[in-house]
Amino acid sequence: MKRSGTVVESCKRESKIWPDLLIENQRFYNDFNRKHKSTINVGLFTNEHLKDPKGLVQFSKDSLRDAKSLVAQMLADVKHGEEGRLTYIRKLDQLSDILCRVIDVAEFIRNAHPQQAWVEAAQKTHEILFEYMNQLNTNVDLYTNLVMVLNDEAIGAQLTDEEINVGEYLKQDFEKSGIHMDEKSRRNFVELTQEISVIGANYSNGLHNLESMWCDVDRGDFENISDANLKKEILSFQSRSPTFERGRTNVVSIPLMEHIPYYVLTNCSSEAIRRKVWIAYHNASKHQIGLLNGFIRYRAVLARMLGYESYAHHQLEYKMAKNPENVKAFLNKVQATLLDSKENRLMDEIRSLYAYKPNADMTLSDDEIIHEVKPWDRDYLLNKLQTDPRNSAVDSNEIKEYLSIGTVMSGLNQLFESIYQIQLIPEAVGKGETWEKGQVRKIRVFDTQNQITLGYLYIDFWSPKVFPSHFTIVCSRQLNTDIGIESKDEVKNQVHLDDSETYQLPVVSLVFNFHKSTSIFPFATGPSLLNLEQVETIFHEMGHAMHSMIGRTKLQNLSGTRAATDFVELPSVLMESFAKDPRVICKIAKHYKTGEPLDQEMFEKHQKQKVILYDSEIFMQSKMALLDQVLHNADTVALMVDNFDTFDTTPIYHKLESDLGIFADKWSTWHGKFLHLFSYGAVYYSYLLDRAIADKVYKELFYSDPWSLKAGNKYKESILKWGGTRDPWLCLADALDNERLKAGDFKAMEIIAADFK
């Protein structure tokens, strides 16, 4: 619900004086909250329908009714005159929003809500809407009318660019559901899609299943382990092992559970044991590999049904990359840059590891050293390097005392004020407004230049349920009150509206799993402290949040983070660059007791320790991205022609590893544990592409001054404000003043990758 100006100004005044305390001191926050909050249950995220789990189920039923009514109305209106056709895309977008308001909040509740009754209600909501969503995706009348509107030049001349872009996006969405097929083919397509979904769900659920939870090693090798404590702990498990039951005395079984595999791989001096444990620990179960083979096969069939050469071609057609050839050009360029650069930091990293192998011969060639450093050596040699007394020792807890949660959030407020003229203003929450009473912080995102609220963040820093994540609860959208199919009085009971009550404001939830310090309890003495990785995580997720806030569009389908998959991570990855810049962190970080600023030398020492194998990690990411491409490309489709039922992904994985060489895995079936082969499906390269773009944008705009308003405005105007309504390559061409990028071809991909750091 909308707050009075007096309360907003009061919140702004108090938050400006006490930003750290409002975030991290529970007693202070409770006092602040009691002063301003309403005693009336306003519902989760101020949606009055979400006062209890039953309300969520009823909300889904009411929304389903509203959606069906809107479909009937828009199909009737489009047949009766020009007005129905002119407003058709806006109504389709509203239809999507009606359903997304329910689906998005239910998905959040399923993942983050601590109460089982709410989780069960969210599952029920999913079941209520899932069947209807499938019906809409295959509704021929909705599709044919959309095509008719888009093909009508007279209508198109009166539509905005945003409306046309959203219409084209929805048309693509329909066609990817096989709607343009004949009835029999469409039915087969739907069945195949559902089969892929079921197999993929089983694959995702089985990622941690190993072929065996035990790794047998020769007792002679075991006795050579120098760490007496490690040997003692392993022996304590023997009575539970299969070999013990079979009476095999010449074998010791190492349990592949808890911390033991990691400890063996980082501390065991026996390479023979590390090799066996590494392979066993990275082997997916045979069943898991069968699931992977299954959805790769069926995806190839699905792509062919839709007329594509491969699943990769199908997935990439409307992405920045456009086709698999461009992705391959980009990834090859990244690897070439890592290996052939003048600094050759990747090879330096591998040599620095190799130096700790017994009897290391530093006169060997690069290729010989690459061959000598095996995948099971990496963690062991890295541990040797990091614990070598000749290297500067780093106390990982030392820097945390300068990086409390409140300090970091206060620093982000300073940064956003400086580069965007945007403030983060903590607000009191109403009864029932959050999912963790007293723990969730509500933040108003306020544009100081235009004196308007952009949206709201709800942040839980201490969730016991969820890894760091962001959830879009509501997207920006202009209400359709002007065409008489929407009432602001009904909508404002479900969402936050702007001051004019013509726009629904974006609402984003950020959930972290940081350690809950005793500082959030009434008799607290200290705040929750973060390491550098956790600071980067907050910056990353806040990048997504600001994209949602600034990407204010009239239609919600392409609002904020609803951009191309291989562009949407740019704002979040770019924020990581700010978190790595000493000119930012050393300005905002201060000791939680003394207020002393963070020394740059200390920051750089910890940062250096954190990125000790940075280029190696980038190379590993590029290998994973190439595997994702290879398994979904046309060559793999060709392999299936004569052996569809016996098709196996494992030889393809091993060949790629052998070809690329560095930390090559020619033994395990780790690819069966790679979640993103299903969840991304030919788009995993996005991580590296967005990192390369972010590096380039930061270098061009913020390198000289990360606090620059001029740079922030250019970034905001060229990239953030568009959401997904503009071609990403046009956005980049403007941001980087490089006309060559507008083509978005393989050369543009190479330009982005050329000086990737």
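The values are calculated or read from the model by the stated rules, or taken from the named source; none is laboratory data. Quick caveat: nothing in here was measured; it's all calculated off a predicted structure. With ideal geometry, Cβ positions are generated from the backbone for all residues, glycine too; neighbour counts draw on all protein chains shown.
Applying a threshold of 6 Å to beta carbon distances and a minimum spacing of six or more residues, or different chains, the list of pairs starting in region 590-603 at a residue that is aromatic (Phe, Trp, Tyr) and ending at one that is part of a loop (DSSP other than H, G, I, E, B) reads Tyr592/Pro527. Residue count for region 641-692 under the criterion of being of a type in the set (Phe, Trp, Tyr) and under 18 Å from the mean Cα position of the chain (by Cα): the result is 6. Among the residues of region 286-341, those that are acidic (Asp, Glu) and part of a helix (DSSP H, G or I) comprise Glu325, Asp340. Residues that are crowded, with 23+ Cβ neighbours inside 10 Å and in contact with a helix residue (DSSP H, G or I) (Cβ under 6 Å, 6 or more places away or on another chain) within region 80-90 comprise Tyr88, Ile89, listed in sequence order. Taking the listed residues Arg378, Arg351, the one that is out of contact with any Lys or Arg (no Cβ under 8 Å at 6 or more places or on another chain) and touching a residue at least 24 places away in the same chain (Cβ under 8 Å) is Arg378, with no other qualifying.
For region 571-598, a residue qualifies if it is assigned to a helix (DSSP H, G or I) and of a type in the set (Ser, Thr, Tyr), and the qualifying residues are Ser572, Ser577. Can you tell me which residue is nearest to Asn643 (Cα to Cα) among those in region 301-316 that are in contact (Cβ under 8 Å) with a residue 12 or more places away in the chain and surrounded by fewer than 20 Cβ atoms within 10 Å (Cβ to Cβ)? Step by step, filter region 301-316, then rank; the result is Val301.
Between a residue in region 667-679 that is surrounded by 18 or more Cβ atoms within 10 Å (Cβ to Cβ) and any residue that is in a loop (DSSP other than H, G, I, E, B), which pairs come within a Cβ distance under 7 Å, given they are 6 or more apart or on different chains? Listed by first residue and then by second, the contacts come to Ser668/Asn283; Thr669/Asn283; His671/Thr649; Lys673/Leu207. Just one of (1) out of contact with any Gly (no Cβ under 8 Å at 6 or more places or on another chain); (2) crowded, with 21+ Cβ neighbours inside 10 Å; (3) of a type outside the set (A, V, I, L, M, F, W, C) fails for Gly723. It is (1).
Of the candidates Asp97, Asp93, Asp77, the single residue that is crowded, with 17+ Cβ neighbours inside 10 Å, charged (D, E, K, R) and at pLDDT below 95 is Asp77. Against the conditions (1) surrounded by fewer than 21 Cβ atoms within 10 Å (Cβ to Cβ); (2) closer than 25 Å to Ile485 by Cβ; (3) not basic (Lys, Arg), Gln116 satisfies every one except (2). Of note, Arg110 does not satisfy the criterion of being touching a residue at least 24 places away in the same chain (Cβ under 8 Å) and either exposed (fewer than 15 other Cβ atoms within 10 Å of the Cβ) or not polar (S, T, N, Q) (or both).
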